[in-house]
Amino acid sequence: MAVVSAKEMLLKAYKEGYGVAQININNLEWIKAVLTTVEELKSPVILGVSEGAAKYMGGYKTVMAMVRSLDEFYNVSVPVAVHLDHGSYEGSYKALEAGFTSIMFDGSHYPFEENLAKTKEIVAACHAKGVSVEAEVGSIGGEEDGVIGMGELADPKECDIISATGVDMFAAGIGNIHGKYPANWQGLSFETLAEVKKVSHGVPLVLHGGTGIPAEMVQKAISMGVSKINVNTELQLVFAAATRKYIEEGKDLVGKGFDPRKLLAPGYEAMKDIIKEKIAVFGSANKA
Ligand code: 13P
């Protein structure tokens with residue numbers, strides 16, 4: 001299937017009560033791991049690309065060329081969206097121009113009126129090209145690409161206004177953070193989520209910081225209107241752990257064990273296992 005916008009797959013998920021995974025990608029192995037796994041499980045998926053990851057992979061156009069070619073190579077039949085994650089104002093336009101099919105404009109660090117005005121402008125530019133848009137209200141904590149948010153509970157009044165701008169999905173802080181959760185984490189605020197849902201005009205909600213949130217909490221969030229769950233750090237952790245094990249066991253020193261096709265294989269398989277686990281928790285298998 002051609003690479004598509006995230007709009008339809010999220011509306012279907014919202015209506016039918018399951019979640020679509022946004023798996024953030026970092027290189028060829030990541031893209032292959034996601035595409036082959038979602039095809040096996042017949043699940044829709046969103047490939048998240050941060051500005052830093054896009055730069056690492058050689059720019060937005062390279063990312064799109066890689067995804068489109070691999071999509072064709074593996075005969076992927078399920079819907080796949082390529083989504084800019086936490087896009088800046090300038091980055092959003094660059095990704096749009098390069099053919100991204102979905103854009104998150106993260107204006108959460110601007111004063112609210114400016115976030116609103118810029119979000120409206122980006123919605124108009126993206127929708128003119130059939131590209132879906134995610135907005136963010138209330139910064140989501142943790143560190144991502146050097147950007148540190150303090151973690152907030154979103155203000156429902158702001159959610160009401162932003163979700164009425166025509167965005168196709170929106171992220172609200174509900175106590176979630178990027179990266180590993182601290183031992184004393186209080187959990188998701190379902191109270192805030194319920195408030196946000198009431199004022200979200202039927203727009204599917206997004207849960208950032210999917211790494212390390214207990215499965216039951218994620219499933220409860222899905223039952224309350226979350227249709228997209230972002231996962232990044234968890235794949236990085238399992239990839240690193242599997243690669244470390246391979247090297248610590250000295251396998252790179254045996255025969256041609258140093259060949260990247262062998263060296264990176266355990267990490268690749270570990271990522272596929274995590275993607276399968278997420279799809280099972282989110283309930284998106286056979287929903288393509
Ligand atoms: P994690 O890295 O915590 O999984 O969060 C991913 C994310 O929210 C990307 O926007």
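Within the option set K220, K228, K180, being within 13 Å of the ligand (Cβ to nearest atom), within 25 Å of K7 (Cα to Cα), under 20 Å from the mean Cα position of the chain (by Cα) and surrounded by 14 or more Cβ atoms within 10 Å (Cβ to Cβ) holds for one residue only, K228. Taking the listed residues V63, V20, the one that is more than 14 Å from the ligand (Cβ to nearest atom) and of a type outside the set (K, R) is V63, with no other qualifying. For the residues S200, S223, the requirement of being out of contact with any Phe, Trp or Tyr (no Cβ under 8 Å at 6 or more places or on another chain), among the hydroxyl-bearing types (S, T, Y) and within 23 Å of S132 (Cα to Cα) singles out S223.
Residue count for the stretch 232-250 satisfying the condition of being more than 15 Å from the ligand (Cβ to nearest atom) and surrounded by fewer than 16 Cβ atoms within 10 Å (Cβ to Cβ): 7.
Is there a residue being over 23 Å from K220 (Cβ atoms) and assigned to a helix (DSSP H, G or I) anywhere in the stretch 15-28? Yes, the stretch 15-28 has at least one match.
Test I140 against the stated conditions and say whether it is open to solvent by 30 Å² or more (accessible area, probe 1.4 Å), aliphatic (A, V, I, L, M), within 16 Å of the ligand (Cβ to nearest atom) and touching a strand residue (DSSP E or B) at 6+ places or on another chain (Cβ under 7 Å). It is false that I140 is open to solvent by 30 Å² or more (accessible area, probe 1.4 Å), aliphatic (A, V, I, L, M), within 16 Å of the ligand (Cβ to nearest atom) and touching a strand residue (DSSP E or B) at 6+ places or on another chain (Cβ under 7 Å). Would you confirm whether any residue within the stretch 95-108 is aromatic (F, W, Y), buried (at least 17 other Cβ atoms within 10 Å of the Cβ) and touching a Gly at 6+ places or on another chain (Cβ under 8 Å)? Within the stretch 95-108 (the criterion being aromatic (F, W, Y), buried (at least 17 other Cβ atoms within 10 Å of the Cβ) and touching a Gly at 6+ places or on another chain (Cβ under 8 Å)), the answer is yes, since at least one residue qualifies. Of the candidates V34, V123, V133, the single residue that is in contact (Cβ under 8 Å) with a residue 60 or more places away in the chain and either in contact with a Ser or Thr (Cβ under 9 Å, 6 or more places away or on another chain) or part of a helix (DSSP H, G or I) (or both) is V34. Quick one: which residue in L96, L47 is within 16 Å of the ligand (Cβ to nearest atom) and modelled with pLDDT of 95 or more? L47 is the lone residue from the list that is within 16 Å of the ligand (Cβ to nearest atom) and modelled with pLDDT of 95 or more. Of all residues in the stretch 37-70, which are assigned to a helix (DSSP H, G or I), hydroxyl-bearing (S, T, Y) and in contact with a helix residue (DSSP H, G or I) (Cβ under 7 Å, 6 or more places away or on another chain)? Correct list: T37, Y60.
The values are calculated or read from the model by the stated rules, or taken from the named source; none is laboratory data. From a predicted model like this one, the values you see are computed outputs, not experimental measurements. Cβ sites come from the backbone with ideal geometry, for glycine too, and all protein chains shown count toward neighbours. In case anyone asks, the SASA skips ligands and DNA or RNA and just uses the protein heavy atoms, side chains included. Shrake-Rupley method; radii C 1.70, N 1.55, O 1.52, S 1.80 Å.
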